[in-house]
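The values are calculated or read from the model by the stated rules, or taken from the named source; none is laboratory data. Please read these numbers as outputs of a predicted model, since none were measured by experiment. Note that we place each Cβ from the backbone using ideal geometry, even for glycine, and neighbour counts take in every protein chain shown. For accessibility, only protein heavy atoms count, side chains too; no ligands or nucleic acids. Shrake-Rupley method; radii C 1.70, N 1.55, O 1.52, S 1.80 Å.
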Amino acid sequence: MAHTIRDKEKLILRIRRIRGQIEAVERALASEQDCSDVMQLITAARGAMNGLMAELLDDHVRFHVLDPAKKPSSEQALAADELIDIIRSYLK
């Protein structure tokens, strides 16, 4: 089973929260809120999108790059962990 299917409900809930954040940006612009408030909302939405991307990339590496049916070597597992850490750090 693909990780996106397995985690479908959790991922959909995250997307709904992100949608709410984007709608908050729209409302802030429509109500002519201060630009610093709008930028703060955009920053929060961007962080949520980056968090979602990091989670999906993590699962992609663990389920598609490494074969979960075969136990990866300790070297492969370490390389995967390092790559995931770098990606998460980049997306922050």
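Listed values, structure above:
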quantity	calculated
Gaussian network model of the chain, Cα within-10 Å springs - most flexible of A80, A45, A54	A80
Residues of the chain: accessible area per residue with a 1.4 Å probe, Å²	75 Å²
Protein accessible area in the chain, 1.4 Å probe - carbon and sulfur %	59 percent
Kirkwood-based Rg to Rh ratio, the range 52-92, C-alpha trace	0.99
Under the span-like rule (Cα at least 27 Å along the axis, Kyte-Doolittle mean at least -0.5), DSSP H helices of the chain	8-30, 35-60
Lys/Arg +1, Asp/Glu -1 at C-beta; the chain dipole; positive extreme among A69, L41, I18	A69
The range 50-82-the range 21-36 distance, computed between alpha-carbon centres (Å)	37 Å
